[in-house]
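Take a look at the structure below.
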Amino acid sequence: MLDVTAANEIAADARVRGNVVRLAAAQALTGANSAVIFATGAIVGATLAPDVSFATVPISMYVLGLAAGTLPTGAISRRFGRRVAFIVGTGLGALTGLLGCFAILHASFPLFCLATFLGGLYGAVAQSYRFAAADGASAAYRPKAVSWVMAGGVFAGVLGPQLVQWTMDVWQPYLFAFSFLVQAAVALIAMGIVAGVDMPKPAPADLRGGRPLLDIVTQPRFIAAALCGVISYPMMNLVMTSAPLAMKLCGLSVSDSNFGIQWHIVAMYGPSFFTGALIARFGARKVVAAGLLLEAGAAGIGLSGITAMHFWATLIVLGIGWNFSFIGASALVLETHRPQERNKVQAFNDFLVFGMMAIGSFSSGQLLASYGWSAVNMVVFPPVALGLAVLSLASFARRRKARLDAAMGEFPDAI
């Protein structure tokens, strides 16, 4: 019986590996969408917006799209299968590029904000790639599957900013217009890749059963996992969103900004080649804690100076910290639900993460314009401290429960 189970797990992992390759490639191409928006959004916003304090609104609209798209992505995946959700997402990505190009050519700030919102919807679908990679995988392989898909973002870190660098001046004086047109073509290529993912429509039996969502999300371990995600991603986004405009205000060039964003994205996804192995060896909680500490360290670097090197170092350390904390938090979420519960739990987790990002992102422009780059970095420290405290409490509660369970097993009459 054990041999049969092991054989089934090996066969399942083989199918998962095929999906991981496709999803990693899609992650790389989809990442170009977010890279183009983050590299250009605040600069285009400052050009088109009625006031410079609204410069980061396009990026905030992207984050709002991320939040708005998470629950529909889960619903579509549950009803029609993940592959359908992926195709819908890439279609929205193509529309993002076309509308963004049109908005820049016609100097329309509202249309540009709508384009970035659609880009957020595309990004929300792409966020489910990491969870989809773990579908059907053995417990041992799940963290690695998540990690390897996220590793596809390394290529996004190269592709996105370079795409901007190569295309931003093609249609002078319409800076970045051609960049968005090329981004639309990249999204169509991603559509062809995700169409081949081996994820059939859920069986009717998989649509029934499972615990109520409220019962799942009130578990202490889910609360800890979700809170760490809610802290790690929004804090990273706050600093990354503000950095390009802050660099411009400090007299640095667009090329300096593109270089910083490029290496930030590489740092976000590069560690994914071994993050899964680190989680397997040290546990997700320790990896999350290390990531949160690195995010705080990045903020410290940001406070220490305003040269290009300071900005680049901030963005690189920030990216590594996000990788550890966010992938670790995702691995913790996978421990909280059963297979038939995965779509609703994962979608709810992402809704919390990106909903909080949206709230923080809308305030980033005002924060930078009113109080400066130092204030942006100072905001990072209190949430990180909260995350580390909650993670420590959850770990203590888990160890205490394990000791009680062991005691009850050894002395069943004691309680």
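The values are calculated or read from the model by the stated rules, or taken from the named source; none is laboratory data. This structure is a prediction, so every number in the text was calculated from the model and none was measured. As a convention, Cβ positions derive from the backbone with ideal geometry for all residues, glycine included, and neighbour counts pool all protein chains shown. Accessible surface areas use protein heavy atoms only, side chains included; no ligands, DNA or RNA. Shrake-Rupley method; radii C 1.70, N 1.55, O 1.52, S 1.80 Å.
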Quiz item: Angle, helix 308-334 long axis vs. longest principal axis of the chain, Cα atoms, 0 to 90°, nearest 10?
Solution: 30
Quiz prompt | Which labelled figure in (i) 0.96; (ii) 1.01; (iii) 0.99 is Rg/Rh (Cα atoms, Kirkwood Rh), once derived from the coordinates | solution = (iii)
Quiz prompt | Accessible area of region 224-336 divided out per residue, in Å², using a probe of 1.4 angstrom | solution = 30
Quiz item: Sorted by mean Cβ packing within 10 Å, highest first, what order do the peptides 397-404, 283-290, 319-326 take?
Solution: 319-326, 283-290, 397-404
Quiz item: Between the helical axis of 381-410 and the dominant principal axis of the chain, each derived from Cα atoms, what acute angle in degrees is found, rounded to the nearest 10?
Solution: 10
Quiz item: What percent does the relative contact order of region 65-214 come to when contacts are Cα pairs within less than 8 Å and at least six residues apart?
Solution: 37
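Within the chain, what whole-number % of the accessible surface is contributed by carbon and sulfur, with the 1.4 Å probe and all protein chains included in the calculation?
Result for the chain: 70 percent of the exposed heavy-atom area is carbon or sulfur.
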Quiz prompt | GNM flexibility winner over the chain from PRO234, PRO50, PRO220 (Cα, springs under 10 Å) | solution = PRO50
Exercise. Mind telling me which of GLY65, GLY91, GLY192 comes out most flexible in a GNM of the chain, alpha-carbon contacts under 10 Å?
Key: GLY192
Quiz item: Among ALA184, ALA243, ALA313, whose mean-square fluctuation peaks in a Gaussian network model of the chain (Cα, cutoff 10 Å)?
Solution: ALA313
Quiz prompt | Distance (nanometres) between label positions extended 7 Å along Cα→Cβ at ALA385 and LEU105 | solution = 5.2
Quiz item: Going by the alpha-carbon gyration tensor, a ≥ b ≥ c the square roots of its eigenvalues, is region 209-316 rounded (a/c under 1.5) or, if a/c is not under 1.5, prolate (a/b greater than b/c) versus oblate?
Solution: prolate
